[in-house]
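Novice: What follows is a single structure, and I will ask about it in a moment.
The values are calculated or read from the model by the stated rules, or taken from the named source; none is laboratory data. Source: prediction; values computed, not measured. When we count neighbours, we look across all protein chains shown, and the Cβ atoms used for this are built from the backbone with ideal geometry, even at glycine.
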Amino acid sequence: MLTGKTIVTWERAPECRLLFIGKAMHGDGGGIGGGMSIINPNWDFAQMGIGGLDKEFSEIFRRTFASRMFPPEVSQQLGMKHVRGILLYGPPGTGKTLMARQIGKMLNAREPKIVNGPSILDKYVGESEANIRKLFADAEEEEERLGPHSALHIIIFDEIDAICKTRGSVGSGAGVHDTIVNQLLTKLDGVDQLNNILVIGMTNRRDMIDEALLRPGRLEALQMQLEISLPDEDGRLQILKIHTAKMAASKKLSTDVDLKELAARTKNFSGAEIEGLCRAAAFTAMYQFVKASGVMHLSTPSNSFHTCHLVHEDSVAPSGKEKIDPDAFEKLLVKRSDFMYALENDIKPMFGTAEEELAYYAPRGLMNWGEPVTRALAMGELAVRAAGGGGAGGGGSSAPETHRPVTLLLEGAPKAGKTALAVEIARRSGFPFVKIITSHKMIGYTETAKCMAIKKVGGYVLIRLIGLVS
């Protein structure tokens, strides 16, 4: 029965061609004015599985999705366009791909299209560009049909640097990479711009991407380029909790495992490396219940870190007759010693400081015997500050524009302590990435191999944005 106070609300089905305008829309969608929320109501943020990236995720939501929470009329009144592109860059294993996938699941949008950059390339002329056009075809058709009420279409490019290299940098006569960049620019910022599209690009090498894609209006250089860096200690603790949650829930994680201790010990570990550490610790615990002709077990004092070692009484190789302890499932427990063994023997951070090398070249530290040493250390501190590090363990700013290459030459007689000085400057810098290049490591290398080895270390610094090479 309808009365004078009856309120009638309308809700448009996803494929309906009728367009509703104004404030009176359905009242339970969660958006402004009762409109449909862009966030999936069934999404549980606690189950995202993204550790150490709370700040980055909040930044993406504020800049990219907050405007899409409002009805299209509000954007038209403000004369604004939504952010159509996000560039996530940073070292490998830090969670860029995972974050992009979870963003796609979180939104009330069409099924995300996940594209591996190299898969766009085709051996036939024009097919690579056609592959780009196919990715945008659905969004173009729907925007033409529904206008500003079109649903959001998400395209995720993994390893976007593979197809968007700086134009003219690839020595190919056909110029395939150049035409791919041109085609992508046309779709993102051409005459017929799409406002129902969100392109998420991920790369380890931001410096290789064509600058035209990084200007405002394309991948929103000034607004939405986001570095996904190595996690800090709190972030590492979150990641450890995520990857040990099932162990703890099934009571397979020993009470002597202190995740805060592990977070402190895993400095410069990426999220993928922390996941690998948890996996290696579990494998180590399982290995103790594998029986061969000899008895295999791990001997690690619970209060020691440097005495982890594998004991095999008969020192025999696997014979193919190994078997599992029948009570293994009940006895299996991942202990602190398993994590310590994995830390020392299995998992090493790709972007870590070469602590063992630093200790090797300066085993007794540095003896400040006079004014020349003091002056050299002062020059080293100035160089660190000039590079954007801040010195004294500050670690430096994370903004890429604050980092610039700085060189420092230490000259002196043999055995005068130049290497020890360089090591001390590296230790005081607080840089998260320190590598040592020495001539004796390149004995037998060709000139090309030497150049490639040095270039590889330099590439690591570019990925990490800040580091020290001695």
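Novice: Considering only segment 221-265, give the helices (runs of 4 or more DSSP H) lying wholly within it that have at least 2 residues that are more than 20 Å from the chain's Cα centre (by Cα).
Specialist: So the answer is 233-249, 259-265.
Novice: Still on this structure, please answer the following. Considering segment 406-440 alone, what residues qualify as being part of a helix (DSSP H, G or I), among the hydroxyl-bearing types (Ser, Thr, Tyr) and out of contact with any Phe, Trp or Tyr (no Cβ under 8 Å at 6 or more places or on another chain)?
Specialist: If the condition is that a residue be part of a helix (DSSP H, G or I), among the hydroxyl-bearing types (Ser, Thr, Tyr) and out of contact with any Phe, Trp or Tyr (no Cβ under 8 Å at 6 or more places or on another chain), then Ser429, Ser439 are the ones that fit.
Novice: Restricting the search to segment 161-178, which residues are at pLDDT below 70 and among the hydroxyl-bearing types (Ser, Thr, Tyr)?
Specialist: Ser169, Ser172
Novice: If Leu358 meets every condition in (1) in a loop (DSSP other than H, G, I, E, B); (2) closer than 30 Å to Gly271 by Cβ; (3) modelled with pLDDT under 80; (4) of a type in the set (A, V, I, L, M, F, W, C) apart from one, which number is that one?
Specialist: Here Leu358 meets the rest and fails (1).
Novice: Could you please find all residues in segment 143-167 being part of a helix (DSSP H, G or I) and either among the basic types (Lys, Arg) or surrounded by 18 or more Cβ atoms within 10 Å (Cβ to Cβ) (or both)?
Specialist: Correct list: Glu143, Arg145, Leu146, His149, Ile160, Asp161, Ala162.
Novice: Also, I was wondering about something else. Collect the residues in segment 375-401 that are part of a helix (DSSP H, G or I) and either at pLDDT 50 or above or in contact with a helix residue (DSSP H, G or I) (Cβ under 7 Å, 6 or more places away or on another chain) (or both), keeping them in residue-number order.
Specialist: Listed by number, the residues that qualify are Arg375, Ala376, Leu377, Ala378, Met379, Gly380, Glu381, Leu382, Ala383, Val384, Arg385, Ala386.
Novice: I'd like the residue in segment 185-205 that is closer than 23 Å to Arg145 by Cα and modelled with pLDDT of 80 or more and, out of all such residues, is surrounded by the most Cβ atoms within 10 Å (Cβ to Cβ).
Specialist: Ranking the qualifying residues of segment 185-205, first place goes to Val199.
Novice: Could you list all residues from segment 266-280 that are closer than 15 Å to Met340 by Cβ and in a loop (DSSP other than H, G, I, E, B)?
Specialist: Thr266, Phe269
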